[in-house]
Structure formats: structure tokens, C-alpha cells
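Below you'll find the structure, written out as C-alpha cells, and then a few comments.
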Amino acid sequence: MADPGEAATPSASPWDDVPDDFFLSVSISSPSSPPVPAPILSTSPSPPQPPRSSSLPFTSTHSSAASFSDSLHQATPPEPIHPSHSLPVFSAASRPAAADVWRPPPGPHHSNSLPEFAASASASHVHRPPPRAALRADRPPPLELRPRPPRESQAGTALRALACCAAPGAGTSTHLWAAGDAGVRVWDLADAFRSPTSRRRWGDEASAPFRESRRTPPALCLVADPARGVVWSGHANGRIMAWGADRDPGSGECIGWDAHPGPVFALAVSPYGDLWSGSEGGIIKVWYREAIEKSLASQREEKCKTSLLVERSFIDLWTMVSDGGACPLPAVDVKLLLSDNSRSKVWSAGYLSFALWDSRTKELLKVVNVDGQVDSRFDFLSDQDPYGYETKQNLFSSPKKEKARSPVNFFQRSRNALMGAADAVRRVAAKAGFGDDTRRIEALAMSMDGMIWTGSANGSLAKWDGSGNRLQEFQQHSSSVRSICIFGTRLWVGYMDGNIQIFDLEGNLLGGWIAHSSPILSMTVGSSYIFTLAGHGGVSGWKLSSPGPADIILRSELMEKETSFKNIEYLKVMVCSWNVGQEKASYESLRSWLKFPTAEVGVVVVGLQEVEMGAGFLAMSAAKETVGLEGSPNGELWLDAIGQILKGHSFERVGSRQMAGLLTAVWVRTSLKHSVSDIDNAAVACGLGRAIGNKGAVGLRMRIHDRTICFINCHFAAHMEAVSRRNEDFDHVFRTMTFATPSSGLLTTSISSSAGQLLRANGSRMPELSDMDMIVFLGDFNYRLYDISYDEAMSLISRRCFDWLRKNDQLRAEMISGRVFQGLREGDFKFPPTYKFEKHKAGLSGYDCSEKRRIPAWCDRILYRDSRASSGTECSLDCPVVCSVSL
């Protein structure tokens with residue numbers, strides 16, 4: 001570690017005195033067939049160590065420290081740079097992984113592996129690894145119809161809604177339809193357990209076989225129409241399309257027409273066969289049964305003409321109920337439509353209100369808000385204008401029939417104008433997120449007893465009778481409700497945080513589990529399953545009888561056959577840390593530092609500190625952070641220089657993040673790139689007022705084979721006495737780091753709040769870092785050696801008595817006491833302290849010999865936590881971290 005303007009002097013090659021590597025590997029598995037339970041992470045020892053060579057394999061390098069030879073005589077490189085030493089890395093996992101129990105793979109283990117030091121575990125669950133298992137005891141085994149795809153593969157193809165429809169004459173065969181940005185796709189559930197017969201595009205390689213339509217404008221909603229044997233889709237360009245339930249969607253839609261100038265958000269089929277559609281601004285249109293059926297029955301060459309007939313045969317309900325410049329309907333997007341067939345009614349829902357319609361006469365019956373109160377605008381207009389809801393009877397005539405009106409006086413017009421203005425303000429406020437947004441209506445469904453159920457953004461459920469009277473409210477979860485599905489006597493509720501809860505029709509909670517790691521956007525029932533669509537694009541099926549005794553039997557059977565859908569893979573990562581002290585390294589110096597990654601290294605992580613400093617730069621960096629900007633000329637130079645070296649070894653940069661002087665970047669081997677996805681970044685300032693980035697952390701999070709890995713580059717408070725401040729810096733980083741998902745228009749946002757916290761099943765708020773399969777902390781932590789003088793430290797270093805020095809290590813002492821890095825581990829290092837060196841001086845003479853005579857210390861560290869609860873005897877000294885870096 002070096003202060004700005006100072007740099008360490010490395011050896012000619014930092015690997016000359018490093019006999020062994022520092023390993024961290026994880027066993028992972030991938031399925032032989034797609035529909036298998038969700039994955040988990042397991043750890044296992046690294047494969048046999050290759051023979052010693054000049055290019056050390058699978059190292060995690062860590063610099064801003066000098067590496068010494070036995071004679072302590074080293075050559076000075078062309079430029080003063082910080083050297084490196086080997087430190088731990090991580091392992092990756094793919095879907096689905098093994099069980100919780102560690103199992104060593106065949107073959108010899110590392111003979112030179114050293115023990116690892118583990119910090120005291122935290123009393124809370126904040127620092128503990130999340131539960132991961134292919135077959136988890138806390139949830140039923142799912143049918144993974146479409147395993148979670150890489151986020152990057154979903155650009156322009158994300159799925160948004162589900163619907164099930166049985167094909168006419170297909171017996172018990174059911175098809176699952178999905179609406180997405182590229183059109184619609186359909187799975188035949190009879191083929192759910194078959195392997196794909198042809199190569200699928202990126203992101204769908206493990207999906208069950210499906211058929212898809214030609215590319216269409218984004219489909220936003222679906223509704224099944226089994227009576228006609230079609231599935232209706234509403235699109236972002238305002239178009240409505242019908243797809244034959246017994247036809248391949250690739251052959252094209254049955255009919256389609258331009259229904260709205262804006263997007264179609266909701267569709268419903270009334271008991272009279274009319275099709276209702278909702279769009280933006282409160283617009284609802286009804287398309288008549290006669291025209292639809294005539295068009296569906298026509299020959300293909302007549303489709304264009306009959307589709308035009310359907311397009312002209314509609315009623316605009318907004319226009320019909322408007323009177324004197326005012327409308328009893330709120331001018332907000334109609335997001336939900338529901339047909340109550342038993343009562344011949346249709347429900348439409350906006351943000352904070354409902355409207356009830358007579359599905360036969362198209363008469364507006366009632367407008368109520370989320371509290372069940374009748375809207376005053378509806379009361380006033382219905383009293384003053386009893387003729388305002390006359391329905392058009394001529395289905396196909398083009399001229400509009402003039403509506404009978406009662407006289408409207410000046411007072412009424414003024415009142416209508418004021419209500420219209422207030423309605424416009426409410427509409428803008430709702431879209432901008434103002435007002436009581438937590439009560440926003442998110443889901444609407446009807447149970448078999450005729451009750452209507454609604455879900456709100458605050459997690460509450462409300463029960464209504466068929467006349468629009470609110471009966472009861474239930475609150476069992478604090479996360480936002482995203483979808484509701486009812487089958488028989490059970491009510492299934494999907495939440496924003498990925499949880500599913502099951503209720504009976506009286507509102508009693510029957511069970512629940514964490515189904516996905518992102519919002520449950522849509523649910524539908526097909527065959528004997530309820531299918532859930534997650535925000536990340538995964539589709540899972542859950543037995544309608546779950547939770548129940550059958551889950552235990554199925555879980556036991558699957559565990560016995562675990563080896564049939566599990567493959568073990570190994571991934572090794574090189575992690576590098578360096579406090580560069582605002583210096584720039586030459587190409588040759590960087591090559592010497594990074595060495596040459598061997599073929600087994602799949603990921604290279606570089607964390608730099610003090611890339612650029614100075615009061616002016618730090619102030620400018622803080623200002624740029626507030627508007628989402630980052631980077632600096634020096635940072636780009638470092639990235640380009642390192643990238644040029646790694647490019648020759650088939651590595652590509654997949655992500656980087658800079659905050660002030662902190663810079664983190666990740667390169668992956670080209671052959672591994674498609675297995676790396678969901679790359680997000682984050683930054684937490686720990687400087688003055690927790691706002692300046694001279695101290696703090698930058699992180700990169702990614703999925704590698706469906707395992708979430710996070711690398712966090714830190715620079716904590718300096719000075720010997722600032723131990724408590726360094727502990728506080730770590731705690732602040734761990735609890736507040738929030739990862740920003742790149743803007744891509746996908747519905748794949750992480751489940752996090754503005755404070756970077758996760759909502760667990762028990763309702764507790766957890767930091768985002770708590771949900772990582774693996775975390776690697778690297779950087780200049782600035783912990784020093786205490787209760788030792790400069791001369792004593794130098795004497796022990798010269799005699800290479802590092803075990804004695806470690807007893808005075810502040811970081812080890814704090815980790816033992818459980819005050820910092822709780823539950824993290826570090827390999828026992830056997831290299832000299834990395835602080836503090838002067839420029840252009842090699843060997844022991846490079847340590848600070850100025851008037852300050854700063855005591856050497858291991859300021860630069862790499863620690864990690866994987867999904868194991870503890871190292872214990874499971875891994876012994878063999879894995880997953882093997883460190884043997886000595887002189």
C-alpha cells in the first residue's frame with residue numbers, strides 16, 4: 001500500500017519466489033435435461049495440481065506488496081509499480097448444482113495446501129450464506145419449464161405474461177402460452193420432460209421444447225378463449241391478435257387488427273363472447289362477438305377484409321359515459337380487466353380505483369376507489385344525467401348516434417371542469433410515483449364462490465363481493481403483490497420479492513415459499529400445475545397440491561437420482577489487487593504482474609486503489625456519481641493496458657466500475673462468456689460524510705453458471721488508530737451496497753429497495769450482499785500491526801518470522817472478535833507485509849525509512865465467503881482455498 005505519489009518497488013517477476021498457487025474452486029453442475037429442480041451451490045476441492053512451471057496456474061494475485069527472494073536482492077523494473085502475491089479466488093456453479101453436503105471429486109488433492117483462517121461467525125443471519133439446494137426442504141420441487149436465462153440474452157425477447165389453453169380435440173393436452181417482447185410462444189405440457197430437438201437461441205438452451213410466432217411488436221397481455229379455441233394477445237403498438245390454440249404460432253395469427261392508438265394493457269372475454277380491451281388514459285373498448293366469430297370462420301384470403309370489419313365494430317366506453325366535458329372514469333391506464341361470468345359483469349382497474357360494467361348492456365354500474373368508497377364524480381353524473389349511459393345498438397354502422405342529454409347548467413359545467421382538472425393531476429401524480437403509491441392495484445382475480453380478490457403494492461389483499469363492496473383486507477406479507485391466481489379453494493399470490501403464498505377462500509394462510517429471485521409477474525393453471533413467470537424470464541411449475549405429503553416423496557425420489565441430472569465443473573479465477581499510488585505501469589511491468597493465465601483460469605478480476613486522487617478530482621468524481629457518471633483518463637489507461645495483455649490470452653472484459661480512485665474490472669475467457677451474465681455494479685463512498693470516494697468500495701456482481709458471485713474492491717480508513725473506523729467502513733459497505741442493473745427495458749430488476757436490502761420470507765430486511773453465493777473482498781483494507789515497534793517488525797521480517805507477525809495483525813484480531821468480516825475466510829499467507837514501500841527501492845530497503853518510520857503491515861488483503869456455513873473438517877486443508885505463497 002502506498003500513499004499518493006509513492007509506489008512500491010516490485011521484483012523483476014513477482015512469481016519468481018512463489019512456489020505454489022492460491023486456489024479457490026467450486027463444484028457446479030448442469031442438468032442433462034431441462035425440467036429439473038432449481039440449482040444450489042456446493043464446494044469441492046480443486047482438481048490435481050499441475051506440475052510447477054514458470055506460469056503458475058489458477059492464481060489470485062494481490063499486489064501493492066513486494067515479493068522477496070531468499071537473498072532479498074531484486075531487480076528494479078522500468079517503472080515503479082506495486083508487485084503482487086498469490087491470493088485466493090473463487091469457484092463457479094451452473095444450473096443445477098449439487099446438494100448441500102460437500103463431496104470431494106475423484107483424484108488427488110493439493111499436497112501443498114495451507115490452512116485458512118476463518119473470522120468469527122455473526123450472531124445474525126446478515127453475514128451468513130444464503131440457503132442453496134437443488135432440492136430444498138423449505139419449498140416443493142419445481143418443474144423448471146424454462147430455467148432462468150441470462151439477462152443479456154433477454155434483450156428484445158423478455159416474457160411478460162402467461163395463459164393456459166387446451167387445444168380443441170386435444171383431450172387432456174394443455175398448452176402454456178407466454179407473451180413477450182418478440183411475440184408469443186407456446187409449450188405443449190405433454191413435451192415438458194423432453195429434451196429440445198434442435199438448437200435453441202442463447203438463453204433457451206435448457207428450456208423445454210416450445211414453438212414461437214414470427215416477430216411481432218411486444219405482447220403485453222394474454223387471455224385464453226377456450227370457447228373459440230384461440231388465445232388473444234394485446235401488443236404495445238395497440239394491436240390485438242388471435243392465435244389458434246391448435247395451430248403452430250409460427251404459421252401466423254388467425255386475425256389481427258389495430259385496436260388502440262396506444263398499448264393494449266389488458267384483455268377479457270365476456271360471457272356473451274365480446275372482447276374487452278383496456279389501454280392508456282382510461283380507454284376501454286368492446287369488440288362484438290358477431291364480427292369476431294365471422295372473421296375467425298372466414299377463409300384465409302378473406303382475413304384482411306373480416307379483420308377490418310372487427311376493427312370497426314366496437315364501442316368506446318370512455319366516450320359513451322363522458323358528459324359535459326367530464327367523465328366518471330379516472331384518466332389512468334387500464335391495467336386489469338376481469339369478467340364475472342356468473343353475474344354478467346366486467347371489472348376494470350386503474351391505479352387506485354375500479355369500475356364495474358354490465359357486460360350485456362355495457363352500462364357503467366359503479367366506480368369505487370381502493371377503500372370501497374363510491375367515486376363522487378360517478379354519483380353526481382348518474383344523478384344529473386340518467387340518459388348518459390345509453391348504449392349503441394347498431395353494431396356495424398359508421399355514423400355515430402347522437403346521445404340524449406339533459407340540460408347542463410353553468411354550475412354543473414364548472415364542477416365537471418374542476419373534476420377533470422383534478423383527475424388530470426391525479427393521473428400525472430400516479431405515473432410520477434406521487435401520492436399513495438403503496439396502495440396501487442397490482443392484481444385482480446375471482447374465486448369460485450364469486451368473491452373478487454385484489455392485491456396492492458403494499459402487500460395487502462382485499463376481498464370484495466360481486467357488487468363492488470369491500471368486505472375484508474388481509475396483510476400477510478410486506479412485499480408488493482404482483483399476481484394472483486385462483487384454482488378451486490386455493491388462492492395463490494405472487495410477490496415482488498419472489499415469494500409465493502397460498503390462502504384459502506377465507507384468507508387463512510396455508511403455506512408459502514421463495515419461488516424465484518425476482519418478481520412473480522404472472523401465474524396461470526395448466527394440467528396439474530400452477531406456472532409462475534419470474535421477472536428474470538424463468539418459468540416454473542408447482543404442483544397444485546403443494547405444499548403436501550407428495551412433495552416429500554418427490555423430493556426423496558429426485559435426491560436418489562441426483563447424479564442423473566448433475567455434472568461437476570470447475571472454474572478458477574485470478575484475483576488481483578494493487579494500490580497504484582496514482583502511478584502508471586509499463587506494458588512489461590503489467591505482464592510481469594499478471595503473469596500468463598493458464599488454460600484453467602476462466603475469470604480475471606483486477607481491483608486498483610488510488611488510480612487518481614487529489615481534492616479537485618475527488619470533488620468532481622462525487623458530482624459525477626450523483627448523475628450516474630463515472631471513469632477517468634487514468635482509469636481508462638489502466639483498463640486498456642490490462643485488456644491488451646489479457647486479450648492475447650482470449651479474455652474479454654465484461655464489466656468495470658470506477659468511483660474516484662477505486663477501480664474494479666472483470667475479464668472472462670471467450671469460451672466462458674455465454675456462461676457469465678447479469679453483470680451489475682455498485683459503489684459505496686466511505687470518505688468525508690460518506691459522500692467522498694477517496695475511501696469506500698466498488699463492486700461487480702455477476703452470475704457464472706447460475707451462481708451469483710460478487711467481487712468488492714475496498715479502500716478503508718488509514719492510520720494505525722483508526723481500527724473502529726475501518727470496521728465501520730466494512731459494515732457500511734456490506735449493509736448499503738446496492739447494485740445497479742443496466743437500463744435495458746427488461747423486467748429483470750433485482751429485488752432490492754432503495755437502501756439495497758432484500759426482503760426475506762420471514763419479512764426481515766437483508767442486505768443485497770447477504771444473498772450472494774460467493775463474495776470476495778479485495779483491496780487496501782489498511783489494517784496495521786499493533787503492539788510492535790518498527791525495529792521489531794523489521795527484524796521479524798528479515799528472519800521471515802511471519803507467524804509471529806500475524807499475532808500482531810489488527811485485522812486478524814478484529815476478525816477473531818467478530819467485529820469485522822464476520823464469517824469470511826483468508827488463506828494463511830507467507831509473504832512479507834505489503835505496507836509501506838518507497839519508490840525505486842527493492843528488497844527490505846524498500847520499506848519506509850523516513851522520519852515517520854511507518855511500521856510494515858499487511859494492509860492489502862483478499863478474503864472470501866462462499867455458500868458453506870463453515871470450513872471445518874469438510875474441506876480440511878484441501879479446498880476450496882489453497883494458499884502457499886512463500887519466499
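The values are calculated or read from the model by the stated rules, or taken from the named source; none is laboratory data. The structure presented is a predicted model; accordingly, all values stated were derived computationally and were not measured. When we count neighbours, we look across all protein chains shown, and the Cβ atoms used for this are built from the backbone with ideal geometry, even at glycine. Accessible surface is based on the protein model in full, side chains and every heavy atom, while ligands, DNA and RNA are left aside. Shrake-Rupley method; radii C 1.70, N 1.55, O 1.52, S 1.80 Å.
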### Query
All but one of (1) modelled with pLDDT under 95; (2) open to solvent by 10 Å² or more (accessible area, probe 1.4 Å) hold for Ile484; which doesn't?
(1)
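Results for (1) within 23 Å of the chain's Cα centre (by Cα); (2) farther than 24 Å from Val601 by Cβ; (3) at pLDDT below 70, shown as yes or no for each residue.
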{"residue": "Ser91", "(1), (2), (3)": "yes, no, yes"}
{"residue": "Val101", "(1), (2), (3)": "no, yes, yes"}
{"residue": "Ala119", "(1), (2), (3)": "no, yes, no"}
{"residue": "Arg148", "(1), (2), (3)": "yes, yes, no"}
{"residue": "Leu162", "(1), (2), (3)": "yes, yes, no"}
{"residue": "Ala167", "(1), (2), (3)": "no, yes, yes"}
### Message
Looking at region 356-373 only, could you name the residues that are among the charged types (D, E, K, R) and either under 41 Å from the mean Cα position of the chain (by Cα) or surrounded by 19 or more Cβ atoms within 10 Å (Cβ to Cβ) (or both)?
### Response
Lys362, Lys366, Asp371
### Query
Which members of region 446-483 meet the condition of being touching a Ser or Thr at 6+ places or on another chain (Cβ under 8 Å) and touching a residue at least 60 places away in the same chain (Cβ under 8 Å)?
Gly450, Ser456, Ala462, Trp464, Gly466
### Task
Select from region 233-247 the residues that are without any contact (Cβ under 8 Å) to a residue 60 or more places away in the chain and either over 32 Å from the mean Cα position of the chain (by Cα) or under 16 Å from Lys303 (Cβ atoms) (or both) and list them in ascending order.
Arg239, Ile240, Met241, Ala242, Gly244, Arg247
### Query
Of the residues in region 771-794, how many are in a helix (DSSP H, G or I) and either surrounded by 17 or more Cβ atoms within 10 Å (Cβ to Cβ) or aliphatic (A, V, I, L, M) (or both)?
3
### Query
Considering only region 222-258, how many residues are under 19 Å from Arg146 (Cα atoms) and open to solvent by less than 10 Å² (accessible area, probe 1.4 Å)?
1
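Checking the conditions here, which among Ser545, Ser540 is part of a loop (DSSP other than H, G, I, E, B), within 30 Å of Pro141 (Cβ to Cβ) and at pLDDT 90 or above? Show your work before the answer.
Working: Ser540 fails: part of a loop (DSSP other than H, G, I, E, B).
Just a single option satisfies the conditions, and that option is Ser545.
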#### Entry: Which numbered condition Met720 misses (of (1) under 28 Å from the mean Cα position of the chain (by Cα); (2) over 18 Å from Val575 (Cα atoms); (3) at pLDDT 90 or above; (4) not in a strand (DSSP E or B))
(1)
### Matching residues in region 615-656 - criterion: being aliphatic (A, V, I, L, M), surrounded by fewer than 18 Cβ atoms within 10 Å (Cβ to Cβ) and under 29 Å from the mean Cα position of the chain (by Cα)
Ala623, Val627, Leu629
### Query
What number of residues within region 558-614 are in a loop (DSSP other than H, G, I, E, B) and either surrounded by fewer than 19 Cβ atoms within 10 Å (Cβ to Cβ) or not polar (S, T, N, Q) (or both)?
23
### Residue among Val611, Val580 that alone is among the β-branched types (Val, Ile, Thr) and touching an Asp or Glu at 6+ places or on another chain (Cβ under 9 Å)
Val580
### Message
Given the criterion surrounded by 16 or more Cβ atoms within 10 Å (Cβ to Cβ) and of a type outside the set (A, V, I, L, M, F, W, C), identify the matching residue among Arg214, Arg300, Arg289.
### Response
Arg289
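Name the single residue, out of those in region 831-887 being among the β-branched types (Val, Ile, Thr) and part of a strand (DSSP E or B), that is modelled with the highest pLDDT. Quick ask: steps written out before the conclusion?
As a first pass, look at region 831-887 and keep what is among the β-branched types (Val, Ile, Thr): 834, 855, 862, 873, 881-882, 885.
Narrowing the set further to residues that are part of a strand (DSSP E or B) leaves 862, 881-882.
Numbers: Ile862: 92, Val881: 29, Val882: 27.
Here the residue is Ile862.
Name every residue in region 536-557 that is aliphatic (A, V, I, L, M) and open to solvent by less than 40 Å² (accessible area, probe 1.4 Å), in order of residue number.
First, the residues of region 536-557 that are aliphatic (A, V, I, L, M): 539, 544, 550, 552-554.
Once the filter is applied, which keeps residues that are aliphatic (A, V, I, L, M) and open to solvent by less than 40 Å² (accessible area, probe 1.4 Å), region 536-557 yields Val539, Leu544.
Which members of region 271-306 meet the condition of being small (Gly, Ala, Ser) and either under 17 Å from Gly350 (Cβ atoms) or under 42 Å from the mean Cα position of the chain (by Cα) (or both)?
Start the filter on region 271-306 by keeping residues that are small (Gly, Ala, Ser), which leaves 273, 277-279, 281-282, 291, 295, 297-298.
Scanning region 271-306 gives Gly273, Ser277, Gly278, Ser279, Gly281, Gly282.
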### Task
Evaluate region 268-276: report whether one residue or more is touching a Phe, Trp or Tyr at 6+ places or on another chain (Cβ under 8 Å), open to solvent by 40 Å² or more (accessible area, probe 1.4 Å) and over 14 Å from Gly234 (Cα atoms).
no
#### Entry: Hey, Ala683 touching a residue at least 24 places away in the same chain (Cβ under 8 Å), crowded, with 18+ Cβ neighbours inside 10 Å, hydrophobic (A, V, I, L, M, F, W, C) and assigned to a strand (DSSP E or B) or not
yes
### Query
Within region 657-675, can you find the residues that are under 21 Å from the mean Cα position of the chain (by Cα), within 18 Å of Glu600 (Cβ to Cβ) and open to solvent by 10 Å² or more (accessible area, probe 1.4 Å)?
Leu672, Lys673, Ser675
#### Entry: Selection count, region 687-717, where residues are more than 15 Å from Phe617 (Cβ to Cβ), in a strand (DSSP E or B) and touching a Cys at 6+ places or on another chain (Cβ under 9 Å)
7
### Task
For region 505-530, name all the residues that are within 19 Å of Leu159 (Cα to Cα) and among the small types (Gly, Ala, Ser).
Ala515, Ser517, Ser518, Ser522, Gly526
### Message
Between a residue in region 555-583 that is under 27 Å from Ser671 (Cβ atoms) and any residue that is exposed (fewer than 15 other Cβ atoms within 10 Å of the Cβ) and hydroxyl-bearing (Ser, Thr, Tyr), which pairs come within a Cβ distance under 8 Å, given they are 6 or more apart or on different chains?
### Response
Ser564/Ser32; Phe565/Ser32; Phe565/Ser33; Asn567/Ser32
### Query
When you go through (1) within 43 Å of the chain's Cα centre (by Cα); (2) touching a residue at least 12 places away in the same chain (Cβ under 8 Å); (3) over 30 Å from Met451 (Cβ atoms) one by one for Thr319, which number turns out not to apply?
(2)
